[in-house]
Amino acid sequence: MPNYLIEAQSIAPELTELRRTFHMDPELGNREFHTAERIEAALKGWGIPTRRLLDTAVVGRLDGALPGPVAALRADMDALPLTEVTGADFASRNPGVMHACGHDVHMTAALGAARLLANRRQSLKGSVVFLFQPDEEGRGGAQRMIDAGALEGVDAVFGAHVSPD
């Protein structure tokens, strides 16, 4: 039986660095170009093909070796037009733009799941679609992704939100 906790702990330093990189380089909705490039590079590095929608939305698909349903994991990408004053050593380097509501964590968690699942694709039943959604805070990136076909063939979608308290 695979021990996901031990494997997750082994990649925690890499994920922490990735989250801090996202946090230091936040981008407003529909301008998440560097963010999308980082996400694509990570997914492709784990053998997960990607495609772009809406210029900055990233959709990755991991097909398991066994038949089964298609589940999607959703993560927001955009930052807010706020100035960070946390003093953290990984604070935003983009004046007036900050990941203030946890989207840096959303992306990192989804990428961590992608990495763990990619390592087990030979025993994976079905497929997992990774949805990296731009502009959640603005014009409604979710509906525009749906309209662009991001959910075609998907049986269920899972997402979460974070809270600093």
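The values are calculated or read from the model by the stated rules, or taken from the named source; none is laboratory data. Since we're looking at a predicted model, the values are computed, not measured. So basically every Cβ, Gly included, is an ideal-geometry build from the backbone, and we count neighbours across all protein chains shown. Areas reflect the complete protein model, heavy atoms only, side chains present, ligands, DNA and RNA absent. Shrake-Rupley method; radii C 1.70, N 1.55, O 1.52, S 1.80 Å.
If you go through segment 132-144 and keep only what is hydrophobic (A, V, I, L, M, F, W, C) and open to solvent by less than 10 Å² (accessible area, probe 1.4 Å), you end up with just Phe132.
Residue-by-condition table, conditions (1) assigned to a loop (DSSP other than H, G, I, E, B); (2) at pLDDT 95 or above:
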| position | (1), (2) |
| --- | --- |
| Met107 | no, yes |
| Ala114 | no, yes |
| Ser127 | no, yes |
| Glu136 | yes, no |
| Gly153 | yes, yes |
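Just need a number here: residues in segment 40-62 that are surrounded by 15 or more Cβ atoms within 10 Å (Cβ to Cβ) and within 17 Å of Ala110 (Cα to Cα). Of the residues in that region, 13 qualify.
Scanning segment 63-82 for residues that are closer than 20 Å to Phe33 by Cα and either open to solvent by 30 Å² or more (accessible area, probe 1.4 Å) or assigned to a loop (DSSP other than H, G, I, E, B) (or both) yields Arg74, Met77, Asp78, Ala79, Leu80, Pro81, Leu82. If I filter segment 27-39 down to residues being in a loop (DSSP other than H, G, I, E, B) and not hydrophobic (A, V, I, L, M, F, W, C), which single residue comes out as least open to solvent (accessible area, probe 1.4 Å)? It comes out as Glu32.
Quick one: is Glu7 surrounded by fewer than 19 Cβ atoms within 10 Å (Cβ to Cβ) and without any contact (Cβ under 8 Å) to a residue 60 or more places away in the chain? It is false that Glu7 is surrounded by fewer than 19 Cβ atoms within 10 Å (Cβ to Cβ) and without any contact (Cβ under 8 Å) to a residue 60 or more places away in the chain.
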